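Notes to accompany the following structure.
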Amino acid sequence: MTHAEFLAAYRAGRAKVSIDRDAARRFVAGRGLLPFLLLPVLGLSVAIAVIGHFIIGAIVFVLALALRQLVRASAQGFVLQRALHDERFYRDAVAARILRVDEGV
């Protein structure tokens, strides 16, 4: 199904979209370069704790982990919204078997 057909079917309510939750989490984390963002922040939190500011270091550490959980929790919605607006992303998500569209629902 092409992106234009997907948009028309989705907007008309004829398409049932299913998104693989675990694959979406990995896909979004990889595409957003989440590990490259989190590793320096986690390292910074440890450095802050080592120099004596334990509470601030712990807060930064927990916030970094919370960001990771937030990204993982919202991955399915992100994949759907991005697929609706970006044809290339839609093709990539379908090719990676993250997004499945069943028409005629």
Condition first: farther than 13 Å from LEU99 by Cα and either small (Gly, Ala, Ser) or in contact (Cβ under 8 Å) with a residue 24 or more places away in the chain (or both). Now tell me which residues in the range 11-31 satisfy that. ALA12, GLY13, ARG14, ALA29, GLY30
How many residues, within the range 11-20, are surrounded by 14 or more Cβ atoms within 10 Å (Cβ to Cβ) and either of a type in the set (Val, Ile, Thr) or closer than 15 Å to GLN76 by Cβ (or both)? 3
Kindly indicate whether VAL101 is buried (at least 17 other Cβ atoms within 10 Å of the Cβ) and touching a strand residue (DSSP E or B) at 6+ places or on another chain (Cβ under 8 Å). yes
Among the residues that make up the range 32-44, is at least one of them over 16 Å from LEU99 (Cα atoms), surrounded by fewer than 14 Cβ atoms within 10 Å (Cβ to Cβ) and touching a residue at least 24 places away in the same chain (Cβ under 8 Å)? yes
Can you tell me which residue within the range 58-105, out of those that are of a type in the set (Lys, Arg) and not in a helix (DSSP H, G or I), is nearest to GLU5 (Cα to Cα)? ARG100
Return the residues of the range 1-54 that are in a helix (DSSP H, G or I) and farther than 30 Å from ALA66 by Cα; say none if nothing qualifies. HIS3, ALA4, GLU5, PHE6, LEU7, ALA8, ALA9, TYR10, ARG11, ALA12
For residues that are closer than 14 Å to ALA8 by Cα and either within 15 Å of the chain's Cα centre (by Cα) or of a type in the set (A, V, I, L, M) (or both), tally how many sit in the range 91-105. 2
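Throughout, read-outs are computed from the coordinates displayed, never taken from laboratory work. These figures come from a predicted structure and were not determined experimentally. Every residue, glycine as well, gets a Cβ built from its backbone with ideal geometry; the counts of neighbours run over all protein chains shown.
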